[in-house]
Amino acid sequence: MSAEENKAVFRRVIEEGFNKGNLAALDDCFPPQYVEHQFGLPSTLEEFKGSIRFLRDTFAPFSLTIEEMVADGDKVWARMTGRGTDSKGLMGRPATGKSFVITVFDEVRLENGKIVEHWGVPDRFHQMTQLGLLPQPAQ
């Protein structure tokens with residue numbers, strides 16, 4: 001697969017899966033089991049779909065915007081902006097209605113047009129601070 005084809009697979013995961021909720025589109029992008037390196041995320045496609053459902057439901061409306069993407073060989077790296085609103089409540093707390101905007105970095109490795117490994121770094125501390133779940137930093 002070319003770098004552009006690999007980028008297209010990654011873009012499809014973001015646009016179709018995360019932004020539109022078309023989880024069936026992910027079946028062509030991942031093998032049933034892949035290697036997940038991001039803390040707290042499962043390593044099966046069905047569990048990954050559940051994680052996307054959770055994000056889209058808990059932080060509706062939820063979206064990811066690809067700001068930059070680079071591909072080299074079998075790897076794709078992306079810097080994205082994640083946006084959402086605390087619409088269902090988190091960690092046993094009621095919904096606050098507060099919104100967040102965070103940076104997300106992802107790296108994936110592909111084989112034969114499918115994502116076989118994923119590393120992700122969402123800025124969860126910034127997200128939690130914006131949602132009022134952590135103290136605000138001193139100005």
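The values are calculated or read from the model by the stated rules, or taken from the named source; none is laboratory data. Quick caveat, the model's predicted, so the values are computed rather than measured. Ideal geometry is used to build each Cβ from the backbone, glycine not excepted, and the neighbour counts take in all protein chains shown. Please note that ligands, DNA and RNA were not included when accessible areas were found on the heavy atoms of the full protein model with its side chains. Shrake-Rupley method; radii C 1.70, N 1.55, O 1.52, S 1.80 Å.
Looking across the range 86-117, the residues that are at pLDDT 95 or above and β-branched (Val, Ile, Thr) come down to VAL101, ILE102, THR103, VAL104, VAL108, ILE115, VAL116. Determine if the range 13-35 includes at least one residue that is at positive phi, touching a strand residue (DSSP E or B) at 6+ places or on another chain (Cβ under 8 Å) and assigned to a loop (DSSP other than H, G, I, E, B). No - not one qualifying residue is present in the range 13-35.
Could you say whether any residue in the range 114-128 is surrounded by 12 or more Cβ atoms within 10 Å (Cβ to Cβ) and more than 19 Å from GLN38 (Cβ to Cβ)? Spell out how you get there, then give the answer.
Taking the range 114-128 as the starting set, the residues that turn out to be surrounded by 12 or more Cβ atoms within 10 Å (Cβ to Cβ) are 114-128.
Filter once more, keeping what is more than 19 Å from GLN38 (Cβ to Cβ): none.
There is no residue in the range 114-128 that is surrounded by 12 or more Cβ atoms within 10 Å (Cβ to Cβ) and more than 19 Å from GLN38 (Cβ to Cβ).
Of the residues making up the range 51-89, those that are assigned to a strand (DSSP E or B) and either of a type in the set (A, V, I, L, M) or closer than 18 Å to MET128 by Cβ (or both) number 13. So PHE30 fits all but one of (1) of a type in the set (Phe, Trp, Tyr); (2) surrounded by fewer than 16 Cβ atoms within 10 Å (Cβ to Cβ); (3) at pLDDT 95 or above; what number is the exception? Exception for PHE30: condition (2). Residues in the range 1-24 that are closer than 22 Å to SER63 by Cβ, out of contact with any Lys or Arg (no Cβ under 6 Å at 6 or more places or on another chain) and without any contact (Cβ under 8 Å) to a residue 40 or more places away in the chain: ALA8, ARG12, GLU15, GLU16, GLY17, LYS20, ASN22, ALA24.
The numbered conditions (1) surrounded by fewer than 16 Cβ atoms within 10 Å (Cβ to Cβ); (2) free of Cβ contacts under 8 Å to residues at least 60 places away in the same chain; (3) in contact with a strand residue (DSSP E or B) (Cβ under 9 Å, 6 or more places away or on another chain) are all true for GLY84 except (1). Of all the residues in the range 61-81, those that are surrounded by 13 or more Cβ atoms within 10 Å (Cβ to Cβ) and in contact (Cβ under 8 Å) with a residue 24 or more places away in the chain number 13.
Taken over the range 90-130, the criterion of being assigned to a loop (DSSP other than H, G, I, E, B), farther than 20 Å from THR44 by Cβ and either polar (S, T, N, Q) or in contact with a Ser or Thr (Cβ under 6 Å, 6 or more places away or on another chain) (or both) is satisfied by ALA95, THR96, ASP123. Considering the range 90-113, and only residues there that are open to solvent by 50 Å² or more (accessible area, probe 1.4 Å), β-branched (Val, Ile, Thr) and over 10 Å from LEU131 (Cβ atoms), the residue that is nearest to the chain's Cα centre (by Cα) turns out to be THR103.
Filtering the range 1-12 to residues that are open to solvent by less than 70 Å² (accessible area, probe 1.4 Å) and outside any loop (DSSP other than H, G, I, E, B) leaves ALA3, ASN6, LYS7, ALA8, VAL9, PHE10.
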